[in-house]
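To start, the structure itself, in structure tokens.
The values are calculated or read from the model by the stated rules, or taken from the named source; none is laboratory data. Everything quoted here is computed from the prediction, not taken from an experiment. All Cβ positions, glycine included, derive from the backbone under ideal geometry; neighbour counts span all protein chains shown.
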Amino acid sequence: MAETRHTKVLIVGSGPAGYTAGVYAARAMLSPILVQGIEPGGQLTTTTEVENYPSFVEVQGPELMMKMEEHARAMGTEVIGDIITELDTSKRPFTAKGDSGTIYTADAVILATGARAKWLGLDSEEAYKGFGVSACATCDGFFYRGQEIVVVGGGNTAVEEALFLTNFASKVTLIHRRDELRAEKILQDRLFKNEKIETLWFHELEEVVGEDNPKGVTGVKVKHTETGEISEIPAKGVFIAIGHAPANELVKDVLELHNGGYVKVTPGTTETSIPGIFAAGDLTDHKYRQAVTSAGMGCMAALDAERFLAEQE
């Protein structure tokens, strides 16, 4: 028979938002249970150096997440290696089903399932993730000072990343499969005026080229979408900027969403459209998507949950 666990606060997800929510919920004596999900530690576990998290001049992404997990555990959060596959929000206590078979019931739920960068699905892209291939310019652009880099995409994300990367790179090549961008006109104007950016129309990324000792990217092979001709571009960094997808599978049919699937919260809070369900981090943040802002929202979610539970009593 399946085990049933009850908690005042169930935290779903284990990135900066989830672990910070755990710290604050535990300190509020709510004895939270945190279920880590499919990728314990979230997107930061696929990042190498992190230089923009306060108090760490430089830290490895997996190490930062390990420290956050240790902190949450030390405060009293029970961290469980399970995956929530179903969430019933129709009545309180809310009921969640784990992949392990365990049933979790909770008076309040904090969703911190994050978002996932969209990737092209190339083997070479996968091979160099964290070693020259990235999906976050604000996370990794700093490492390419004075280098030539490429950005793949044609929407707002790609243009914003390309513009941001000119702060560091000597040259940015924007690769797009068509001959016009989907980005807002004001962004396109900035892009075309920037002398550091070259736009390569009618091309798609065919292969990331690199070496293994030390491991790193040396260039990319691109294919002309009309002629099929293959050419190679030297580059030290490759930024895939084809968008992000919020991990909203548990709640996409029950919570109010916006901006392409992000969970909508009441401004200035982490409250969702269902009382007692809170959302934090990249699941709700389509704009900033930083570890430090996710951690801040995790804190907010725990405080919001504490307040909600106090009002129920």
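Is it the case that some residue within the range 295-312 is assigned to a loop (DSSP other than H, G, I, E, B), without any contact (Cβ under 8 Å) to a residue 40 or more places away in the chain and of a type outside the set (F, W, Y)? Before you say what the answer is, go through the steps one by one.
So the first thing to find is which residues in the range 295-312 are assigned to a loop (DSSP other than H, G, I, E, B), and the list is none.
For the range 295-312, residues assigned to a loop (DSSP other than H, G, I, E, B), without any contact (Cβ under 8 Å) to a residue 40 or more places away in the chain and of a type outside the set (F, W, Y): absent.
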Before we move on, is V209 in the same structural domain as G154 (by TED's automatic domain parsing), out of contact with any Ser or Thr (no Cβ under 8 Å at 6 or more places or on another chain) and among the hydrophobic types (A, V, I, L, M, F, W, C)?
-> no
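With respect to T293, is the statement that it is modelled with pLDDT of 95 or more, surrounded by 15 or more Cβ atoms within 10 Å (Cβ to Cβ) and not charged (D, E, K, R) true? Show your work before the answer.
Details: modelled with pLDDT of 95 or more: yes; surrounded by 15 or more Cβ atoms within 10 Å (Cβ to Cβ): yes; not charged (D, E, K, R): yes.
Yes, satisfied.
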Condition set in a loop (DSSP other than H, G, I, E, B) and under 20 Å from the mean Cα position of the chain (by Cα), scope the range 21-47, selection modelled with the highest pLDDT: answer is Q36
Residues in the range 239-277 that are of a type in the set (D, E, K, R) and either part of a strand (DSSP E or B) or touching a Phe, Trp or Tyr at 6+ places or on another chain (Cβ under 6 Å) (or both) total 1
Only one of (1) outside any helix (DSSP H, G or I); (2) in contact with a Gly (Cβ under 7 Å, 6 or more places away or on another chain); (3) of a type in the set (D, E, K, R) is not met by R289, so which one is it?
-> (2)
Specify the residue that is surrounded by the most Cβ atoms within 10 Å (Cβ to Cβ); the eligible residues are those in the range 52-85 that are over 20 Å from the mean Cα position of the chain (by Cα), outside any helix (DSSP H, G or I) and not hydrophobic (A, V, I, L, M, F, W, C).
-> T77
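Any idea how many residues of the range 167-180 are surrounded by 20 or more Cβ atoms within 10 Å (Cβ to Cβ) and either more than 16 Å from V220 (Cβ to Cβ) or in contact (Cβ under 8 Å) with a residue 40 or more places away in the chain (or both)?
Let us first name the residues in the range 167-180 that are surrounded by 20 or more Cβ atoms within 10 Å (Cβ to Cβ), namely 169, 172-176.
Now restrict to residues that are either more than 16 Å from V220 (Cβ to Cβ) or in contact (Cβ under 8 Å) with a residue 40 or more places away in the chain (or both): 169, 173, 175.
The qualifying residues number 3.
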Of (1) without any contact (Cβ under 8 Å) to a residue 60 or more places away in the chain; (2) in a strand (DSSP E or B); (3) surrounded by 15 or more Cβ atoms within 10 Å (Cβ to Cβ), A183 satisfies all except one. Which?
-> (2)
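In the range 226-269, how many residues are among the aliphatic types (A, V, I, L, M), in contact (Cβ under 8 Å) with a residue 60 or more places away in the chain and under 22 Å from G13 (Cβ atoms)? Give the derivation first.
The first filter runs over the range 226-269 and keeps only residues among the aliphatic types (A, V, I, L, M), leaving 230, 233, 235, 238, 240-242, 245, 247, 250-251, 254-255, 257, 263, 265.
If we keep only those that are in contact (Cβ under 8 Å) with a residue 60 or more places away in the chain too, we end up with 233, 235, 238, 240-242, 245, 247, 250-251, 254-255, 263.
Of the ones still in play, those that are also under 22 Å from G13 (Cβ atoms) are 245, 247, 250-251, 254-255, 263.
Counting residues in the range 226-269 that are among the aliphatic types (A, V, I, L, M), in contact (Cβ under 8 Å) with a residue 60 or more places away in the chain and under 22 Å from G13 (Cβ atoms) gives 7.
Could we say that E207 is at pLDDT 95 or above, assigned to a strand (DSSP E or B) and acidic (D, E) here?
Working: at pLDDT 95 or above: yes; assigned to a strand (DSSP E or B): yes; acidic (D, E): yes.
Yes.
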